[in-house]
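K.L.:
I have a structure here, written as structure tokens, and I will follow up with some questions on it.
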Amino acid sequence: MSYVDGFILAVPTANKAKFIEHARTGDSIFIEYGALRVLECWGDDVPHGEHTDFFGAVKAKDDETVVFSWIEWPDKATRDAGMKKMMEGNDPRMDPEKNPWPFDGKRLIYGGFVPVMELKK
């Protein structure tokens, strides 16, 4: 069974191109380490809620766009091994000096998820 890592973050809208370049570099490493697919989705139709919403979850400011991303892995074991390699910090492509985060990482929300249902056409 597959495994999914999900992410929600707020990116300064002016940093869209920087974010895409940062993601292109980092996401290729996830693929190299076993991920099947990585999607980075720039907020387009994200409503403000009455009680809670994506903006509140990441404390997005007026000049920021909410980004929703996920990584699909073949299974949790592959994900755990891939994430361990990423977190060890030995890959120079992940050096914050060479590939700085164009957003506030303190407001990044993430988690791992076990799929419980899938529909396909």
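The values are calculated or read from the model by the stated rules, or taken from the named source; none is laboratory data. Bear in mind the structure is a predicted one, so any value in this text is a computation, not a measurement. A quick note on method: Cβ atoms are made from the backbone with ideal geometry, for glycine too, and the neighbour counts reach across all protein chains shown. Keep in mind that these areas ignore ligands, DNA and RNA; they rest on the heavy atoms of the full protein, side chains included. Shrake-Rupley method; radii C 1.70, N 1.55, O 1.52, S 1.80 Å.
K.L.:
Determine the sum of side-chain charges near R79: Lys and Arg each +1, Asp and Glu each -1, restricted to other residues whose C-beta is under 10 angstrom from that of R79.
P.N.:
Values: positive: K76, K84; negative: D5, E72, D75, D80.
Here the charged neighbours net out to -2.
K.L.:
Can you list the aspartates and glutamates whose alpha carbon sits under 12 Å from that of K98, skipping same-chain ones fewer than 8 residues off?
P.N.:
Result set, ordered by chain and number: E21.
K.L.:
Normalized C-alpha radius of gyration of the chain, against 2.2 N^0.38 Å? Don't skip to the answer; put the middle values down first.
P.N.:
Values: Rg = 15.1 Å, N = 121, 2.2 N^0.38 = 13.6 Å.
Ratio of Cα Rg to 2.2 N^0.38 Å: 1.11.
K.L.:
Checking the a/c ratio against 1.5 first, then a/b against b/c, what shape does the Cα gyration tensor give for segment 8-60?
P.N.:
On the way: a/c = 2.98, a/b = 1.86, b/c = 1.60.
Prolate.
K.L.:
Could you tell me the relative contact order of segment 3-113? Use alpha-carbon pairs under 8 Å, at least six residues apart, and round to a whole percent.
P.N.:
Numbers: 174 pairs, mean separation 55.6, N = 111.
Once normalised by length, the contact order is 50 percent.
K.L.:
Per DSSP H run of n ≥ 4, the term is -39500 (n - 2.57); total these for the chain, divide by its residue number, and report the mean residue ellipticity at 222 nm rounded to 500 deg cm²/dmol. Numbers along the way, then the final one.
P.N.:
Values: 3 runs with 34 residues, N = 121.
It comes out at -8500 deg cm²/dmol, rounded to the nearest 500.
K.L.:
Just read off the accessible area of V38 with the full protein assembly in place, 1.4 Å probe, to the nearest 10 Å².
P.N.:
Rounded to the nearest 10, that gives 40 Å².
K.L.:
Can I ask one more? Pairs K59/K84; K85/K106; K84/K120: which exceed 26 Å Cα-Cα?
P.N.:
Numbers: K59/K84 28 Å; K85/K106 21 Å; K84/K120 31 Å.
Where the Cα-Cα span goes over 26 Å, the pairs concerned are K59/K84; K84/K120.
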